[in-house]
Amino acid sequence: MPYMFPGMDPYLEDPALWPDVHHRLISEIQEVLNAQLRPRYFARVELRVYISDEADPGRSVLIPDVRLSEHDHSSTATLPEFPGSGIQPIEVMTALEEEIEEAYLEIRETVSGNLVTVIEVLSPTNKAGGASGRESFLSKRRAVMRAKANWVEIDLLRAGLPTLSREFLPASHYVVHISKITERPKGKVWPLPLQHPLPPIPIPLKSPDSDTPLKLQSIVERAYEKGAYDMSIDYGQPPPPPLSADDARWVRGVLKDVV
């Protein structure tokens, strides 16, 4: 099935599908940038690692990377007693810690190997309040700002808490945030409505080199095709998370000739 939306396909945000979508987006961005940047720069996939335990609020969005099983309290299975005590043990979930890896991209100079730009595509854990994944993401952003590298943040998820203030931004479904070394403390934010094509975004390099364009809409469409996501998506159902009434009506209009 060909890509049907003028901008972001909201069905790609399904938490069960997003880990694969995230991986594909990172790979597509890397491929495009390396074709544009060589030989002066190169892009590499790196992993941000953090620990998530059973108290982590981000566990609920780690699907399918981390799966939690709940004890069936209605079970009639009999547990062994301590001999002669009459006391029966209670079955509980043992506390487990999971090492979570989240991929991002770095652009480095070929000759020196110096870090130039970090590109993050947000995951649901980065937008879950109080989650280890959110703190890991925000810590990484602070470190990049201190390291005097450029920062690119691509948020294609409607659910969750924003990672930057949207108080003075027009209402939008998605956001791109770019912080250039040469413009700090100011940065640029692109509010992206669902109904509009995703714009080309300027990926900053080392001064005085010009920004290199990243055609975000093309990236998403290539990821959709190569990931064969149409084979997993049921376009007859509303996309998760739920849309507003107006947005849902618009989506049904886009899909009217398909479902």
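Just so it is clear, none of the values below were taken in a lab; they were calculated from the coordinates. Since the structure is predicted, the reported quantities are computational estimates derived from the model, not experimental observations. Cβ coordinates were reconstructed from backbone atoms using ideal geometry, including for glycine residues, and neighbour counts include every protein chain displayed.
Looking at segment 103-259 alone, DSSP beta bridges between its own residues are antiparallel in about 80 percent of cases. If r is the Cβ-Cβ distance from TRP190 to ARG44 and R0 is 35 Å, what FRET efficiency results, to the nearest 0.05? Calculated value: 0.90.
Counting every pair of alpha carbons in segment 172-232, the share spaced more than 15 Å apart comes to 62 percent. Among PHE168, PHE137, PHE42, PHE5, the ranking by other beta carbons within 10 Å of each residue's beta carbon, starting with the fewest, stands as PHE168, PHE42, PHE5, PHE137. List the residues of segment 190-211 whose backbone N lies under 14 Å from a point placed 7 Å from the Cα of ASN114 along the Cα-to-Cβ direction. So the set is 205-209. The length gained on full extension between ALA143 and VAL258, counted as 0.36 nm times the residue separation minus their Cα-Cα distance, comes to 36.8 nm. For LYS206, the lysines whose Cα comes closer than 21 Å to its Cα, not counting residues fewer than 8 places off in the same chain, are LYS140, LYS148, LYS180, LYS186, LYS188, LYS215. Taking segment 179-201 and a reference point 7 angstrom along Cα→Cβ of ARG166, the backbone N atoms nearer than 17 Å belong to 188-199. For the listed peptides 176-185, 214-223, a ranking on the average number of other beta carbons within 10 Å per residue, highest first, reads 214-223, 176-185.
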